[in-house]
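Okay, structure first, notes after.
Just so it is clear, none of the values below were taken in a lab; they were calculated from the coordinates. No experiment lies behind these values; they were computed from the predicted model shown. Every residue, glycine among them, receives a Cβ derived from its backbone with ideal geometry; neighbour counts consider all protein chains shown.
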């Protein structure tokens, strides 16, 4: 049934263009006839609609980066993929972490590059290199690691787990943090700028200036 429908639509389109649906040229001058030209104009939208019904856009294609809701949907799909790739890594959501942060004894570790951290960080975060130098001092506290979307921090959390250090990965990391309304700082001062690693990850909430 599927192949038959496609053939029917192909045949209609071909006839509207003055061609045989089987690739044989139609009669000379047929495409120029007013009736055929009118048929072509009528059939083109109908064929397009029929093909759209047969081949609907998938959820990713339908999502738009032009709205905060669209960016959030794309981000959440990426988070789900990261979760599936790292099922052994314990996580905490951005909303949960923001709520627990004021009264919690957390060590917040930013595993991004220095270039990214120079733009902004989560308040109180230290780089991974500092955390590892102070491992004996800090390992007994609740350690939360983050990056841009959570992929690099998941890998870091897995590696630290192999070394016997329990850490939580901040799901969605700095991008999810913006959607949870969390603050960012630059040299100790509030900022709305953040480094998103690359164009593909330009998914921050409204109101932020992103660079990559």
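A few notes on this one:
- Three-way shape label, region 79-198, alpha-carbon gyration tensor, a/c 1.5: rounded
- Summary value for region 141-212: 27 percent relative contact order, contacts being C-alpha pairs under 8 angstrom separated by 6+ residues.
- Inter-label distance for residue 105 and residue 76, nm, one decimal - labels placed 7 Å from Cα along Cα-to-Cβ: 3.5 nm
- Computed from label points 7 Å out along Cα-Cβ, the spacing between residue 192 and residue 115 is 2.6 nm.
- As a length-normalised measure over Cα pairs under 8 Å and 6 or more apart, the relative contact order of region 111-161 settles at 47 percent.
- Modelled this way, with points 7 Å down the Cα-to-C-beta line, the labels at residue 95 and residue 65 are 2.6 nm from one another.
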